[in-house]
Amino acid sequence: VPAVPVLFKQALENTDMEEGKSVSLRCELTKADATVVWKKGEATLQASAKYEMKQKGTVAELVIHNAEPEDA
């Protein structure tokens, strides 16, 4: 039986950010607890004081703390 692919039920949307503040990016998937990898260009983001990754059920969220222009 082939695996059912995980798709975006709600894709990321462009979000305005205020420099120095936190910004939250979220998407919704068609499968709960699917493995999510956040990337900026080709670089994979890792959890740190700057990047906080959350996932609950089908919703995956990336919180960028102390946002800077380079985070665009």
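The values are calculated or read from the model by the stated rules, or taken from the named source; none is laboratory data. In this text the structure is predicted, and so the values were computed from the model without any measurement. We place every Cβ from the backbone using ideal geometry, glycine too, and count neighbours over all the protein chains shown. Accessible surface areas use protein heavy atoms only, side chains included; no ligands, DNA or RNA. Shrake-Rupley method; radii C 1.70, N 1.55, O 1.52, S 1.80 Å.
Here are some notes:
- Residue that is charged (D, E, K, R), open to solvent by 80 Å² or more (accessible area, probe 1.4 Å) and touching a residue at least 12 places away in the same chain (Cβ under 8 Å), where the choices are Glu18, Glu70, Glu28: Glu18
- Checked against (1) outside any loop (DSSP other than H, G, I, E, B); (2) in contact (Cβ under 8 Å) with a residue 24 or more places away in the chain, Val6 passes all but condition (1).
- Scope the range 31-56; condition closer than 23 Å to Ala67 by Cβ, of a type outside the set (Gly, Ala, Ser) and surrounded by fewer than 13 Cβ atoms within 10 Å (Cβ to Cβ); matching residues: Val37, Lys39, Glu42, Thr44, Gln46, Lys56
- Considering the range 10-58, the residues that are within 18 Å of Ala72 (Cβ to Cβ), part of a loop (DSSP other than H, G, I, E, B) and of a type in the set (Lys, Arg) include one that is farthest from the chain's Cα centre (by Cα), namely Lys21.
- Residue check, Glu61 outside any loop (DSSP other than H, G, I, E, B), open to solvent by less than 70 Å² (accessible area, probe 1.4 Å) and either in contact with a Phe, Trp or Tyr (Cβ under 6 Å, 6 or more places away or on another chain) or of a type in the set (Asp, Glu) (or both): yes
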